[in-house]
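Just so it is clear, none of the values below were taken in a lab; they were calculated from the coordinates. Values in this document were obtained by computation on a predicted structure and should not be read as measured data. Note: ideal-geometry Cβ built from the backbone for every residue, glycine included; neighbour counts use all protein chains shown.
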Amino acid sequence: SVKIYADCKDASLYVAQRIADLITKKGSKGEKTILGLATGSSPKQVYQELVRLHKNEGLSFKNVITFNLDEYYPMQPIEEQSYVSFMNKNLFDHIDILPQNIHIPDGSIALENIAAYCRQYEQNIANCGGLDFQLLGIGRTGHIGFNEPGALLKSITRLVTLNDLTREDASADFGGKEKVPVQAITMGIKTITQAREIVLLAWSSRKAGIVKQALEGNITADVPATYLQHLPNVEYVLDTEAASLLT
Ligand code: F6R
């Protein structure tokens with residue numbers, strides 16, 4: 001389904017509340033909540049609201065386990081542009097999640113160990129019983145996670161090469177496109193689509209073209225977000241501008 005909001009703030013409040021309700025519902029049954037999380041500009045206000053719900057309304061993350069979608073490669077976790085730093089700054093430093101319950105692909109792993117590391121990342125998700133909820137943004141290439149054009153429906157966590165446009169879009173964060181890593185570790189399309197609930201966020205007219213392709217175009221590896229189209233458990237949460245080209 002598609003939900004369109006006049007602005008991304010209200011949309012983000014809705015998504016944060018949905019996540020909070022899931023944590024509360026599972027918690028009342030004594031169950032942990034397994035969240036798949038995204039970085040980038042799209043989820044920032046969702047995280048801001050989750051922090052507020054924690055600080056002001058008693059929402060606890062003690063029974064929450066998180067798996068982030070992706071990380072640049074190579075990338076030291078302590079670097080400012082790492083997704084580890086992003087998540088700490090925007091969410092984890094401000095809530096009561098247990099450090100051992102946080103999982104973010106490690107961009108500092110040696111190249112020869114990556115395949116085994118990725119298998120283990122998948123295994124860790126499976127050992128938790130799979131993802132209850134996956135939060136997604138969408139890149140202008142149509143990527144979800146860092147599954148760029150060409151990614152297969154059966155893909156799982158692995159090392160990938162970033163598209164030129166993706167690196168260009170990240171260039172401001174790195175002070176130049178040439179400084180953006182060429183590779184990344186990302187969950188696969190299969191990993192993502194196995195989540196029991198999926199919410200994809202897109203804000204602003206910058207995303208209008210790719211949102212139209214993702215929702216209304218043919219299902220194709222050329223636009224990996226199209227793989228979500230026929231899943232029953234996907235909600236697209238858009239602002240008016242991102243939805244402006246939809247028919
Ligand atoms: C981030 C991720 C990416 C972003 C996408 C959109 O973890 O997996 O797919 O969601 O590149 O980025 P923003 O939200 O910055 O436009």
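Taking 24 Å as the straight-line reach from the Cα of Lys177, the lysines in range (excluding those fewer than 8 positions away in the same chain) are Lys44, Lys89, Lys207.
Give me the net charge for the shell around Leu238: Cβ to Cβ below 14 angstrom, other residues only, Lys and Arg +1, Asp and Glu -1. Local net charge: -1.
In region 76-203, Rg over Rh equals 0.94, where Rg is the alpha-carbon radius of gyration and Rh the Kirkwood radius from pairwise Cα distances.
Contour minus end-to-end for Asp222 and Leu246, with contour as 0.36 nm per residue of separation and end-to-end as the Cα-Cα distance? Please list the in-between numbers first.
Values: separation 24, 0.36 × 24 = 8.64 nm, distance 1.92 nm.
Difference between extended and current length: 6.7 nm.
By the Kirkwood approach, averaging reciprocal distances over each pair of separate Cα atoms, the chain gets a hydrodynamic radius of 18.1 Å.
Among Ala110, Ala225, Ala170, the residue with the largest mean-square fluctuation in a Gaussian network model of the chain, with springs joining Cα atoms closer than 10 Å, is Ala110. Can you tell me the relative contact order of the chain? Whole percent, Cα pairs under 8 Å, sequence separation 6 or more. Computed over the chain, the figure is 23 percent.
Check each of the GluC sites (Glu not before Pro) in region 153-202 and keep only those in coil by DSSP with at most 14 other C-beta atoms within 10 angstrom; list them in order. Don't skip to the answer; put the middle values down first.
Values: sites: Glu168, Glu178, Glu197; in loops: Glu197.
The qualifying sites: there are none.
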